[in-house]
Structure formats: C-alpha cells, structure tokens
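The values are calculated or read from the model by the stated rules, or taken from the named source; none is laboratory data. Note that this is a predicted model, so its numbers are computed, not measured. Cβ placement follows ideal geometry from the backbone for every residue including glycine, while neighbour counts extend to all protein chains displayed. Areas reflect the complete protein model, heavy atoms only, side chains present, ligands, DNA and RNA absent. Shrake-Rupley method; radii C 1.70, N 1.55, O 1.52, S 1.80 Å.
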Amino acid sequence: MAQHNMEQCIDNCLECYRVCLETLTYCLEKGGKHAEAGHIKTLMDCVETCNQSANFMIRKSEMHEKTCGVCAEACRRCAEECEKMADDAQMQKCAEVCRRCAESCEEMASGSSAATV
C-alpha cells in the first residue's frame, strides 16, 4: 500500500510540476496581475519543490518526507494564489492540481504511508 501511495504522490508531483510550469508561462504572457512578482515567485516555488520531491521519491531518498513537507506548503500557497483568479480556467486548473499534490505530499511527509519504502 505504501508503495502505491508513493507512486501516486510522484505522479501528482510531476503533474503539478508540468501544470505550474505551463501556468507560469501563461501568466508571463498574459501580463497584468497574472505576472506580478509575488505570484510568479509562488509558481516558481511550486515548480521547483514538485520537481525536487518527485526526484527524492523516485530515488527512494530517506529525506523525501522533508522535501514532501516543503512541497505540500508550496503547493498550498500556490493553490491559494491561483484561486484568487479562479475566473480564469488555467488558474483554476493550476489550483486544483496544486491542492491534489499538497494532499498527497502531506501524506508522504507524515511518514505513515512511506514507512516501508
């Protein structure tokens, strides 16, 4: 069961990485409130932590619980930022993917599902 949860978390992290990177590009092209520095930094934090967490889990690093904890926080913050522009379909998609990733990373960070990795 633990391995299945980790595989799902890896998938969620990689999807979130991709969607946030696409959203980052979208926001820069759109400009205005979408391209404000704070919003872009939040997206970048999410992109980087998702990539890092997926990498740590893929190579079965014992430190994946710590990276997943940071990733969960970055994803929650990104979801909150994107939800402020929920009238935009890309932003809504990003928020949904970030929420899903945050939930699975929180599970991995707790150590309960990853104990037998």
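Points worth noting:
- Around Asp45: net Lys/Arg minus Asp/Glu count, Cβ-Cβ under 12 Å: 0
- A DSSP coil position with no more than 15 other Cβ atoms inside 10 Å describes the following GluC sites (Glu not before Pro) in region 52-117: Glu62.
- Accessible surface, per residue, of the chain when the full set of protein chains is kept, probe 1.4 Å, Å²: 53 Å²
- Sorted peptide list for 84-90, 3-9, criterion being average Cβ within 10 angstrom, highest first: 3-9, 84-90
- In the chain, helices alone account for a calculated mean residue ellipticity at 222 nm of -28000 deg cm²/dmol, with every DSSP H run of four or more residues adding -39,500 (n - 2.57).
- Overall, the accessible surface of the chain at a probe of 1.4 angstrom is composed of carbon and sulfur to the extent of 50 percent.
- For the residues Leu24, Leu43, a 1.4 Å probe over the protein chains yields an accessible-area ranking, largest first, of Leu24, Leu43.
- When the surface is traced with a 1.4 Å probe over the full set of protein chains, Tyr26 keeps roughly 70 Å² accessible.
- Using Cβ point charges alone (K and R +1, D and E -1), the dipole size of region 17-57 about the Cα centre works out to roughly 80 debye.
- Computed about the Cα centre, the dipole magnitude for region 34-117 is approximately 280 debye when only Lys and Arg (+1) and Asp and Glu (-1) carry charge, each at its Cβ.
- Residue among Thr67, Val97, Cys82 farthest towards the positive dipole end of region 51-105, charges placed on Cβ: Thr67
- The listed peptides 54-60, 34-40, ordered by packing as a protection proxy, come out as 54-60, 34-40 (highest mean of other Cβ atoms within 10 Å first).
- Note on the chain: Rg/Rh from C-alpha atoms, Kirkwood Rh, equals 1.01.
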